[in-house]
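Have a look at the structure below, then the notes.
FYI, it's all coordinate maths here, none of it is from the lab. Keep in mind the model is a prediction, meaning the values are calculated, not measured. When we count neighbours, we look across all protein chains shown, and the Cβ atoms used for this are built from the backbone with ideal geometry, even at glycine.
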């Protein structure tokens with residue numbers, strides 16, 4: 001069994017998985033809050049030289065890999081590591097330039113860096129960079145895209161990656177031709193926790209409650225049709241005049257922001273794939289049905305990432321990858 005270590009290193013979290021590369025199955029997993037932003041701050045505080053940056057970040061990985069070895073009961077030394085996300089950013093373990101569009105959706109022409117194993121870090125590494133256009137960037141979603149696209153270029157398709165910074169990626173004939181970022185999740189966090197609206201909402205995950213669904217759908221419609229600077233204040237008056245409970249208001253606010261994001265769909269009729277976690281899949285499926293968008297394909301974001309890492313590993317193993325930063 002060929003095993004690889006899959007690493008998704010985001011701004012706020014580090015997720016490591018041990019993968020059976022042929023079956024693309026997860027053998028073990030650890031998640032920590034040691035995201036790139038926190039580790040970069042530790043690095044700056046350490047006073048170490050720039051030439052020591054890579055080994056500093058690798059020491060963080062080593063600590064998490066030891067936890068995985070304890071789960072599995074065997075050593076992971078010498079297993080290859082495929083890493084995507086913010087590890088290749090200017091605050092990451094090494095800075096790699098973005099790949100400019102258009103670029104292939106199968107990943108073979110992405111900018112990346114390979115490093116050999118050392119005495120203190122016994123893993124070869126493949127570090128994957130992101131994609132850019134003139135006024136937008138992404139790191140991480142490109143690897144999920146590799147995992148959930150067929151790579152055959154048979155149809156044009158829009159891929160939506162919901163999250164803190166939602167991405168809408170247009171693929172035509174097997175190439176990434178355009179994408180846009182929507183700060184949906186971050187705006188929701190700011191409005192629901194750090195604005196005057198924080199007093200008017202209460203978090204809930206009870207999407208089975210019909211009242212919650214109805215107010216989420218109303219938020220979708222208002223977000224799609226109204227000005228968000230006005231409609232967001234309705235969250236305050238909904239609470240002030242006892243029109244909605246705080247939990248219903250929470251779903252209304254969520255709907256407002258998702259509906260605002262999905263206005264983008266009004267300009268095109270491309271086949272659609274949504275790549276997300278189970279919770280966001282539920283919300284976006286309700287939203288898209290409310291907007292009359294049908295025939296949507298849904299992919300689990302975690303499975304897409306694992307598949308993307310496995311595909312990139314296979315290209316690496318076959319010597320197919322273009323590595324201009326190597």
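Compared with the dominant Cα axis of the chain, that is its longest principal axis, helix 246-261 is turned about 70°.
Between residue 13 and residue 122, what is 0.36 nm times their sequence separation minus the Cα-Cα distance? Round to one decimal in nm.
Working: separation 109, 0.36 × 109 = 39.24 nm, distance 2.29 nm.
Result for the pair: 36.9 nm of gain on full extension.
For the pair residue 31 and residue 46 in one chain, pulling the backbone fully straight at 0.36 nm per residue adds 3.0 nm over the alpha carbon distance.
Oblate is the label for segment 1-129. Its Cα gyration tensor axes, ordered a ≥ b ≥ c, give a/c of at least 1.5 and b/c at or above a/b.
Shape summary: segment 184-300 maps onto an equivalent ellipsoid whose semi-axes, from the alpha-carbon gyration tensor, are 24, 15, 13 Å in decreasing order.
Report the relative contact order of the chain, percent, no decimals, based on alpha-carbon pairs under 8 angstrom and at least 6 residues apart. Let's see the in-between values first.
Numbers: 627 pairs, mean separation 54.6, N = 326.
Value for the chain: 17 percent.
Placing a label point 7 Å from the Cα of residue 22 along the Cα-to-Cβ direction, no residue of segment 118-135 has a backbone N closer than 13 Å.
Counted by neighbouring Cβ atoms within 10 Å, the residues 32, 232 run from fewest to most as 32, 232. Highest-first packing order for the peptide set 77-84, 244-251, 207-214 is 244-251, 77-84, 207-214, based on the mean count of other beta carbon atoms within 10 Å.
Helices in the chain, meaning DSSP H runs of at least 4 residues, each add -39500 (n - 2.57). Divided by all residues, the mean residue ellipticity at 222 nm is -12000 deg cm²/dmol. Against the chain, whose longest principal axis comes from its Cα atoms, helix 278-290 is set at around 40 degrees.
Would you mind putting 291-297, 183-189 in packing order, based on average other-beta-carbon counts within 10 Å, highest first?
Put in order of decreasing packing, that is 183-189, 291-297.
For P(r) over Cα pairs in 10 Å bins from 0, in percent, the candidate list reads (i) 6, 29, 37, 23, 5, 0; (ii) 5, 22, 26, 19, 13, 9, 5, 1, 0; (iii) 6, 25, 30, 24, 13, 3, 0; the entry that matches the value derived from this model is (iii).
For the chain, the longest principal axis of the C-alpha atoms and the axis of helix 301-318 are separated by about 30°.
Fewest neighbouring Cβ atoms within 10 Å first, the residues 178, 206 line up as 206, 178.
Taking the number of Cβ atoms within 10 Å of each Cβ as an exposure proxy, the fewest-first ranking of 111, 230, 199 is 230, 199, 111.
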